[in-house]
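Input: a single structure, listed below in structure tokens.
The values are calculated or read from the model by the stated rules, or taken from the named source; none is laboratory data. Note that the coordinates shown come from a computational prediction; the quantities given were computed from them, not determined experimentally. Cβ sites come from the backbone with ideal geometry, for glycine too, and all protein chains shown count toward neighbours. Side chains included, ligands, DNA and RNA excluded: accessible areas come from the protein's heavy atoms. Shrake-Rupley method; radii C 1.70, N 1.55, O 1.52, S 1.80 Å.
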Amino acid sequence: MFARLPADFRLTVVDVGAIGGLHRRWAALAPHLVTVNFDPLEPRESKASAHYFPFLIGDREGTATLKVTRRETMSSTLAPDPAFFAPFWKKPEHVQIVREIEAPMARLDPLLQLERLIPDAIKIDVQGGEAAVIAGAGEALGNSILLAEIECSFAARYEGQETFDQIVARMRGHGFGLFDVRRLKRYRYRNGSGVEDPSLGDGMRAGRLGFCDAIFVIEPDMLWRRIEAGGMANGPDVALKAIVLLLTYGKADLAAATFERGADTMTAPVREAMTGFFSSLRGDGGWKQRLHLRTDVWARQL
């Protein structure tokens, strides 16, 4: 489907905590992506389709200290809570602070305005600073962002961190619903017997839920109004942008509903391609869906 997108179609994706880059689910969209990347640990030169800023993003302007941990992807402006991590295998070593760096901090809204960038989606992976990023991005969330992927913690792993339920409430206040959780990660308790994850309980996993990637989507009624208003900040391609984002995250049902609302805003070739594509997805996936479910159960037993 993505191969049939117009050559000039563009999606702008903000990546806050960009070390490691975007997930491979975005690869098929590479010719159509403009990425805006923030991470002081992975500075790169900007180009037309990829903007890089060695900044920390939060709810204020100035500088901040990034506490770089032994496992670099667990680095944060907040201090890891040693009491939380202490009981688990390997985690106390992972969060040992090995150095600190000073980096500029900015709020997302004024920075995007200065660079004349209008985001359609955002990924936030900042190890405890999620609430501050959201607080500094209110205009973008209210005006143009259609989908957000945010790493959320089920417990306060870092000192002063807001947890999953609090982030869900914040995003609800900006008009976003929680549509999915992905990459559920667990911490397993150290013990003298050496037990980690024997996969008991018919595929249940050992350990305590630590964090996940939460997928938030603008509430459909707000999206419908934006489509009816001509796209507003997202431009006239707002329906197509929403559909592409929803398909990227597997939400074909809402993508099809959005197509029904926004088909008239698309060119005839795109509309024809979309019609055929959604017709090919009719039903619940049949044997493919059943295979997926069985594979998922099997994978959880590994």
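Could you order the peptides 49-60, 123-134 from most to least packed, using the average number of other C-beta atoms within 10 Å per residue?
Per-residue Cβ counts within 10 Å, averaged per peptide and sorted highest first, yield 123-134, 49-60.
How charged is the neighbourhood of D125? Take every other residue with its Cβ under 14 Å from the Cβ of D125, and add Lys/Arg as +1 and Asp/Glu as -1. Show your work: numbers first, answer last.
Details: positive: R71, K123, R157, R182, R183, K185; negative: D15, D39, E42, E72, E130, E149, E151, D213.
Net charge in that neighbourhood comes out at -2.
In vacuum, with every alpha carbon of the range 130-218 counted as one equal point scatterer, what does the Debye formula give for log10 I(q)/I(0) at q = 0.13, 0.14, 0.17, 0.21 Å⁻¹? Two decimals, please.
Taken in order of the listed q values, log10 I(q)/I(0) reads -0.52, -0.58, -0.75, -0.99.
Grab the other residues whose beta carbon is less than 11 angstrom from that of P31, score K and R as +1, D and E as -1, and report the net. Spell out each step's value before the answer.
Working: positive: R10; negative: D8.
Spelling it out: positives minus negatives among the neighbours equals 0.
Can you run the Rg to Rh ratio on the range 1-101? Use alpha carbon positions and the Kirkwood inverse-distance Rh.
On the way: Rg = 17.3 Å, Rh = 15.9 Å.
Over the Cα atoms of the range 1-101, Rg/Rh equals 1.09.
Before anything else, pin down the relative contact order of the range 1-158: Cα pairs under 8 Å, at least 6 apart, normalised by residue count, whole percent.
25
Just to confirm my numbers, what's the Cα centroid distance between the range 9-34 and the range 121-157 in Å?
Spelled out, the Cα-based centre of one part sits 16 Å from the other.
Between R182 and K90, take the C-beta separation as r, use R0 = 22 Å, and let me know the FRET efficiency to the nearest 0.05.
Between R182 and K90 the formula returns 0.45.
Counting only heavy atoms of protein chains, what accessible area per residue, in Å², does the range 65-206 have with a probe of 1.4 Å?
With all protein chains present, the range 65-206 gives 47 Å² per residue.
What does the helix-only formula give at 222 nm for the chain: each DSSP H stretch with n ≥ 4 adding -39500 (n - 2.57), the total divided by the residues, and the result rounded to the nearest 500 deg cm²/dmol?
Here the helix-only value at 222 nm equals -9000 deg cm²/dmol.
What number, in percent, do you get for the relative contact order of the range 126-281 if the mean sequence gap of Cα pairs under 8 Å and at least 6 apart is divided by its residue count?
21
With a ≥ b ≥ c the root eigenvalues of the C-alpha gyration tensor of the chain, is it rounded (a/c under 1.5), prolate (a/b larger than b/c) or oblate?
On the way: a/c = 2.12, a/b = 1.27, b/c = 1.67.
Oblate, since a/c reaches 1.5 and b/c is not below a/b.
Give me the percent of the accessible area of the chain that comes from carbon and sulfur atoms, probe 1.4 Å, all protein chains in place.
Numbers: 7970 of 15290 Å².
That fraction is 52 percent.
Measure out, as a whole number of angstrom, how far apart the alpha-carbon centroids of the range 62-120 and the range 198-258 sit.
26
One-quarter of the Cα convex hull surface for the range 82-128, in nm²?
Numbers: hull surface 21.4 nm².
Here the figure is 5.3 nm², rounded to one decimal.
Expressed as an acute angle from 0 to 90° and rounded to the nearest 10, what is the orientation of the C-alpha long axis of helix 268-280 relative to the principal long axis of the chain?
Around 60 degrees separate the two axes.
In nm, to one decimal, how far is the modelled label at A155 from the one at I97, with both set 7 Å along Cα→Cβ?
Here the answer is 2.1 nm between the modelled labels.
Remind me, relative contact order of the chain in percent, using alpha carbon pairs under 8 angstrom and six or more residues apart?
Working: 530 pairs, mean separation 45.8, N = 302.
RCO, the chain: 15 percent.
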